[in-house]
1. Relative contact order of the chain, please, whole-number percent, based on alpha carbon pairs below 8 angstrom and at least 6 residues apart.
2. Kirkwood Rh and Cα-based Rg: tell me the resulting Rg over Rh for the range 188-273, rounded to two decimals.
3. Given C-alpha coordinates of the range 245-316, what is the ratio Rg to Rh with the Kirkwood estimate of Rh?
4. Report the normalised scattering of the range 384-456 as log10 I(q)/I(0) at q = 0.18, 0.25 Å⁻¹, calculated by the Debye formula with identical scatterers on the alpha carbons.
5. When ranked by the protection proxy of mean other Cβ atoms within 10 Å per residue, highest first, what sequence do the peptides 545-552, 561-568 form?
6. Under the Karplus relation 6.51 cos²θ - 1.76 cosθ + 1.60, θ = phi - 60°, what is the ordered set of whole-Hz ³J(HN,Hα) values for the range 44-60, x standing for Gly and Pro?
7. Taking Rh as the Kirkwood radius computed over C-alpha pairs, what is the Stokes-Einstein D of the range 526-603 at 20 °C in a medium of viscosity 1.002 mPa s, expressed in µm² per second?
8. Which percent of Cα-Cα pairs in the range 324-423 sits in each 10 Å bin, short to long?
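The values are calculated or read from the model by the stated rules, or taken from the named source; none is laboratory data. All values reported here derive from a predicted model rather than from experimental measurement. Note that we place each Cβ from the backbone using ideal geometry, even for glycine, and neighbour counts take in every protein chain shown. Each accessible area value is taken on the protein alone, full model and side chains, heavy atoms only, with ligands, DNA and RNA left out. Shrake-Rupley method; radii C 1.70, N 1.55, O 1.52, S 1.80 Å.
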Amino acid sequence: MPQESVQTAGELRARLAERGARWSVSEHLADDEPVPRPSLGLEPGANLTPAAVAGLVDLAGLIGRESGNPHLTRRRAAHGLIEGAQGAQGAVAGAARPAAVDWRRRWGWPWITKVKDQNPCGSCWAFGAAGLVESMARIEHNVWAKRSEGDVHDGLKFTCGQGSNPETALDWIKTNGGLADPDCWPYSTPPPGLPAERRDAWRAEYTPSWDRSGRTVRIGDYVRLGDVEQQKVWLDTVGPLTACFDVYDDFFGLGAGVYHRTSDQFAGGHCVLIVGYDDAAGCWLFKNSWGPGYHVGGYGRIAYGEVNIDYWAKCGLRGTNIDPWSKRRLHAGSVYESGNGRAHRNFEMAATLGAGDGRLQHWWREGDAPFAWARAGTFASDASGQPAFTGTTYNRNMESLHVTTGGRLRHWYYEQSGGAWRDGGAFGPGDAAIGSTPAFIQSDYGQPGNFEVVVRTADGRLNHWWRINGAPWTWNDGGRFASGVAHYGPALVQTRSRHLDLVATRTDGRMQLWWRDDPNGFAWRAGEVFGSGITSAPCLIEAQYGAADEDTAGNYELCAVGAGGRVEHWWRGNAGGSAWSRSAAFGHDALAVTGMLQGSFGFNLEVIVLRTDRRLQHYWRDGAGWHEGPVIGPA
């Protein structure tokens, strides 16, 4: 006979003690408290694949090449999965697999976004799918890319009480241009106080921002893995997996330990994200969607084979294509990383064709070996110096901005839909410093986000311009500030607290931070002064170092030319509040730093330097330090 449903945490604790269970009730629950019953949401339907049907897959064929994440490349080589390695298939079940994997802090880095809460809707399937996209964006491209469960849930026009499964969600994401960020369209739940029947029938109206096409992480085919050993190899060499299982009433009280069912009261089906395994404990490590108050910080462990967790195929993903919105703080100046190319990590760069030519050249670098730079199209005719170059949420258009020979600013954009460069027109002051590079970003003011530009003027001041990105598409003068600025260029960032930061080089060779005080009249305030002997404009980004999660500010990384024509690298720890510190000097014959990014190659920093011979050179930094890369071409 089925047992009666557990009413209190104390009753469940007594049951576990009686049965010698290997897990405990959540420590947050007092004995006299009822065990809560958060929402589930699995509806298997025709789109959830049994493991037996999925069977074995060709892992070497799916993932048999190097990753931009060097840790994964080493793991694939250990399994013999990389093309040309010996024993590619025979190594899959061999000793190369570690006894435990935990993606939360693997190799000393955080990879998994924070635990979220689906309640009160039956949307676990959307959270599992979104968690998979978020984690693979981080693992493959080293960037936090928080996604919206509401984008897929409401895009499918599901009600709050309507269940589904991760495969349905992933199919929708694939065929509808990817998964958007929460500011494009958030996950929302019914207003509190609605009766249960009205709450379950509640459905959000789906009206994402009109630039959604440039705010989605795009995906290709996902993989259904039915074999448990291959699932573990995937966790070791690729990343997390979605999983679905049966829920009994005791599971709602799971705290620490490895869950084994002690109840016969079936409650429904549920889906989670598997972020690891532990062979010694005989369990899967999962991230739930009930908030951090459940289990241990929102994470739990389920024994292999328990409650049908291995009955359904688990879904994996690879080849994510990150949106420019997620990367907008990770690059500055003449270069950025797009989603183009087979690995969705091409470098895109704009540069002058040569001193005095006035035309601009679009360069690109394929995201796979041999990483050669190639020329694309040319545009413009009046550039006096190097341009700022970026990708925006307008269907991932490329956008370029330069100072003209007449001291104005001119905007060009590459229209993805038409495949051509378009002249966006001239604007701004008539006294912008000839030969300088403006700072050019897309902020989150407005929807779509405003363009923000700061340029040095001939009198050594700074001038801010901005554009509301909607009709009538006019540029607005944000005013002038600062004085005694000798060099200014691609060094503007919108902070996590939404104000603007920039760094300029003063006439005394020192650098100074300026920040915009938005609550008090959008006035620019002078900040800290640091460095000495700087002879060029700084190039500034907010990188992923120090960003412990998707909401924490990463370190500032800055490069500028110092004494002897060498490039100085400076950084500031934004999360910990540390001061600016110089970490290294590298390179030679440097005239200016024209671009900087942190992309998909193992958290490396990538820098483009204009040399005194008017040629562009690439430098990059990994864990071993700074390296001299190829000379790209003339500028």
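1. 11
2. Working: Rg = 18.9 Å, Rh = 17.7 Å.
Using only Cα positions, Rg/Rh for the range 188-273 is 1.07.
3. Radius of gyration over Kirkwood radius for the range 245-316 works out to 0.92.
4. -0.69, -1.13
5. On the way: 545-552: 15.4, 561-568: 18.8.
Most protected by this proxy first, the peptides run 561-568, 545-552.
6. Taking θ as phi minus 60°, the curve returns x, x, 7, 9, 9, 8, x, 4, 5, 6, 5, x, 7, 10, 8, 5, 4 Hz for the range 44-60.
7. D = 161 µm²/s.
8. Reading the bins upward from 0: 16, 49, 30, 5, 0.
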